[in-house]
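The values are calculated or read from the model by the stated rules, or taken from the named source; none is laboratory data. Every value quoted in this text rests on a predicted model; they were computed, and no experiment measured them. For neighbour counting, all protein chains shown are included, and Cβ atoms are generated from backbone atoms with ideal geometry for every residue, glycine included. Heads up: the accessible areas ignore ligands, DNA and RNA and are worked out on the full protein's heavy atoms, side chains in. Shrake-Rupley method; radii C 1.70, N 1.55, O 1.52, S 1.80 Å.
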Amino acid sequence: MKNILIIGAGKGIGLKTTEALLSHNVFTVSRNLTPELELLNTTFFQADVTTDSLDQLNDLPEILHGLVYCPGSINLKPFNRLKEEDFLADFHQNVLGAVKVIQKVLPNLKKANGASVVLFSTVAVKVGMPFHASIAVSKAGIEGLTKSLAAELATNNIRVNAIAPSLTDTPLANNLLNTPEKRDASAKRHPLNTIGAPQDIAALTAFLINDQSSFMTGQIIGMDGGIGSLKV
């Protein structure tokens, strides 16, 4: 049984990932203990990784086999309406939060003699999309971090990969999917004529955490209904 830490586990992809990894010893972090997460009976730490000290994580086991960093943002605005504060907020949540957590638990990961870190990008880094400037900039940072850390930590037998989803049916995307018309229009933009399901992305995350992916590191894996690669 592995010790797995999931950041941003309260809802959406983080919650579904927690469900997918319950065969392991799962530790979860979220700003709030949601009723759905409470039902899963994980070891829970309440924290905002962008502002808190993360001293709570001193209580993690000495050995940590996996880390999943799920926090994300959807801040879609025309470029001329984006302020410096928007870019900084996205960068703090998506990049510096991940850096802070990884640095905190890196000694635990090194002791596992085979650990896996999973981060999250977005298809909007690969495919230019209007109104995505702030989120694409920060998630591009995640892709750079993924590859750099994968190279640096390979000698410690720590794998680092990132998943780049397209629009996924989570609470974070509610404003984009809150009417049948919006949902249908979003689905039609994808070659598979659908939007992402958080449980599917959770299944891929579980694969990257588990030993079946032991020969995979430094990869940015699109799970995007084909929008990142196909024109149909």
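Annotations
- Remark: the chain carries a charge dipole of roughly 580 debye about the Cα centre, counting +1 on each Lys and Arg Cβ and -1 on each Asp and Glu Cβ.
- Placing unit charges on each Cβ (+1 for Lys and Arg, -1 for Asp and Glu) gives the chain a dipole about its Cα centre, and among N156, N3, H65 the Cα reaching farthest toward its positive end belongs to N156.
- Cross-link table K182/K231; K11/K83; K83/K126, entries beyond 25 Å C-alpha to C-alpha: K11/K83
- Listed by chain and number, the aspartates and glutamates placed with their C-alpha closer than 18 angstrom to that of K77 are E85, D86, D90; residues fewer than eight positions away on the same chain are left out.
- Normalised by the number of residues in the range 70-164, the average gap of Cα pairs under 8 Å and 6 or more apart makes the relative contact order 38 percent.
- For the chain, the carbon plus sulfur part of the accessible surface works out to 54%, probe radius 1.4 Å.
- Between the range 88-108 and the range 187-215, the Cα center-to-center distance that results, in Å: 23 Å
- Accessible area in square angstrom per residue, the chain, 1.4 angstrom probe: 49 Å²
- Magnitude of the charge dipole for the range 49-180, about its Cα centre and with charges confined to Cβ atoms of Lys, Arg (+1) and Asp, Glu (-1), is about 340 debye.
- With a Förster radius of 45 Å applied to the C-beta separation of N174 and A151, the computed FRET efficiency comes to 0.75.
- Nearest-0.05 FRET efficiency for A185 and V127, computed from C-beta distance (R0 25 Å): 0.90
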